[in-house]
Every structure is written in C-alpha cells, then in structure tokens.
Amino acid sequence: MKIIILSRKRGLYSTNRLVEAGKKRGHEMRVIDPLHCFMNIASHRPMVYYKSEALDGFDAVIPRIGASITFYGTAVVRQFEMMGVFPLNESVAITRARDKLRSLQLLSRKGVGLPVTGFAHSPDDIPGLINIVGDPPLVIKLLEGTQGIGVVLAETKNAAQSVIEAFMGLNANILVQEFIEEAGGADIRCLVVGEKVVAAMKRQAKEGEFRSNLHRGGTATIVKLTPEERSTAVRAASIMGLNVAGVDILRSNHGPIVIEVNSSPGLEGIEHATGKDVAGMMIEFIEKKAKPYSTRTRGQG
C-alpha cells in the first residue's frame, strides 16, 4: 500500500514510528507537511498537490495534525477523502474532537460520564456559572488550550471569578469544571484503535502540580483498566467518530469520567510505558479497513 502521513515534522517520535511500522509491514510511506499542500477543489478530478507534485495513487492517509493547524489540516484530509483515499481518522471526526465544548456536548448527550462543566459568555453570568459547577477548587480551561496550557486551578470562588474575568477580558472562550480531588493528580490515557483499547497508561502529575501531562513533568506507568473504563474509552472514541483516539479518563467516586478525546494522540509516552507496538496496530487497522471511497461519518454532530 501507499500511505501518506500528514505531519509538520518528519523527526517527531510518532511520525517516525508510523513510518517504521509501515515500512516493516511492506508499505510505501511518505511524510508530507499539510501546510505545504495546495488543492484543486472545483474540479471533476479533485487533487492535492505538494510543491507542484500531484499526490495521486495513495491508498490511505494518516492525519497527524496539530491543534494550531486544524482548519487547514482538516481541509487537506477532506480533499484526500474526495479523492477516495482512506483516512485513518476522518476530517469531520478530527474537527469534532478538537472543539472541546462540542465534544463534551456530544458525549453528554450519549450519557458518557463527564465532570460537571459550565460555559458562559457574559461576565454578568460568572457567579451563576460558578454556582452550577460547585464548590472550589475549580478547573478553568481555555477551549483552545493543549498539553495542559491554559488550564488553571482556582482554589477559591474569588480566585475563580478573577481568572474567568481575565480570560473573558481577552475574549477567550473557557470552560469551568469541577475538580476531581480523588483522582490524586492522575489520569488515564486509553489508546483506542478501532473498537478496542490497545494500550493504557496512568499519568501522574509531579509534586505541587495538578496537570498530569507528560509535557509538564508528569510520569507514565502501565495501568490495568476496569471493564467500565475500557467500554467508556471505546464509546467516547466512537461517539467522536474516531478510529484512533487517545481518551483521557479520571477515576472518580462515581466511576470513570472522560476529560478529553484526542484525535492525534502521541505515541512516545504510551509505547514506552506499555512496551506495545501501537504504531504497528494503527498500520494493521489500515490494512484491514482501507478501501477506496469508504469515508463515512461515524457518530453525530
């Protein structure tokens, strides 16, 4: 098979591992920067070009699109879909998962466990927003934040009000969520491929920090999931319409709750923590599922 990986940097661990796994299984792998692609859209023969080269004859595309280029990156994926190329994750599913508010609304509608979450636009509504979420501490998140950036823990109502007012003053969209104290500064990253959790790790925040992201000094260890945690992760990925997803779960007193569904999960931390060949499993999924013009929207919204 001929497979394209849409990635801004060839040297990234996840990109390298996918190239290695694909070549090991006998496929032709090509890394393309999506920002250097251009498209012929209004045509009887839609096409993606890379530095004037027509990217024709490929069987599958693996989107590794960062949050900062979601709009253009998903447009490139969508163009490949129009050409009949099988996407590991479809453009509409990536867009859905990247919108934190939309993804939480979709998960809530399907009954997936979530932290109590509030959203508002007007500063006049801040007291009411805080009241519906509950007593401090409260977690305040930028909708556009990634890797723990733009996430603040407010210990008191006054602190929460000040932080929310500051973000609103910058015209930033934010979510306010309950703080799950019993999680102990840890979350669980479940790596879903197809309809199965293929690997899982526990990420523990460093001392004095509540964000467990590995980029913020958190540590990762292998973890044994409960059946409910496995089914929650698979359901969350399915609701987003994602074939491959990193589903982040907190262990709360009332069961597993989902805090985020990532459409381009990193492979380095989870492969090192679990010793599993996640990249190989992703390539194997493509081998089983890739068919021309097989794009479909799984999930709703």
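The values are calculated or read from the model by the stated rules, or taken from the named source; none is laboratory data. Since the model is a prediction, treat every value here as computed from it, not as a measurement. Here Cβ is always computed from backbone atoms with ideal geometry, including for glycine, and neighbour counts include all displayed protein chains.
Residues being surrounded by fewer than 19 Cβ atoms within 10 Å (Cβ to Cβ) and in contact (Cβ under 8 Å) with a residue 60 or more places away in the chain: count how many of those fall in segment 2-16.
2
Select from segment 21-38 the residues that are of a type in the set (Val, Ile, Thr) and under 17 Å from Leu267 (Cα atoms) and list them in ascending order.
Val31
Check Pro137, Pro115 and return the single one that is surrounded by fewer than 21 Cβ atoms within 10 Å (Cβ to Cβ), of a type outside the set (A, V, I, L, M), in contact with a Phe, Trp or Tyr (Cβ under 7 Å, 6 or more places away or on another chain) and closer than 28 Å to Ala183 by Cα.
After applying the criteria, what remains is Pro137.
For the subset of segment 212-245 comprising residues that are assigned to a loop (DSSP other than H, G, I, E, B) and of a type in the set (Ser, Thr, Tyr), which member is modelled with the highest pLDDT?
Thr226
Out of all the residues in segment 172-200, which are under 15 Å from Thr226 (Cα atoms) and either among the basic types (Lys, Arg) or in contact with a Ser or Thr (Cβ under 6 Å, 6 or more places away or on another chain) (or both)?
Answer for segment 172-200, where residues must be under 15 Å from Thr226 (Cα atoms) and either among the basic types (Lys, Arg) or in contact with a Ser or Thr (Cβ under 6 Å, 6 or more places away or on another chain) (or both): Asp187, Arg189, Lys196, Ala199.
Taking the options Lys206, Lys276, Lys202, name whichever one is out of contact with any Gly (no Cβ under 9 Å at 6 or more places or on another chain), at pLDDT below 95 and over 20 Å from Lys100 (Cβ atoms).
Numbers: Lys206 fails: out of contact with any Gly (no Cβ under 9 Å at 6 or more places or on another chain); Lys276 fails: at pLDDT below 95.
When all the criteria are applied, what remains is Lys202.
Can you work out which of the residues in segment 55-65 that are at pLDDT below 95 and either of a type in the set (Asp, Glu) or on the phi < 0 side of the Ramachandran plot (or both) is surrounded by the fewest Cβ atoms within 10 Å (Cβ to Cβ)?
The selected residue is Asp56.
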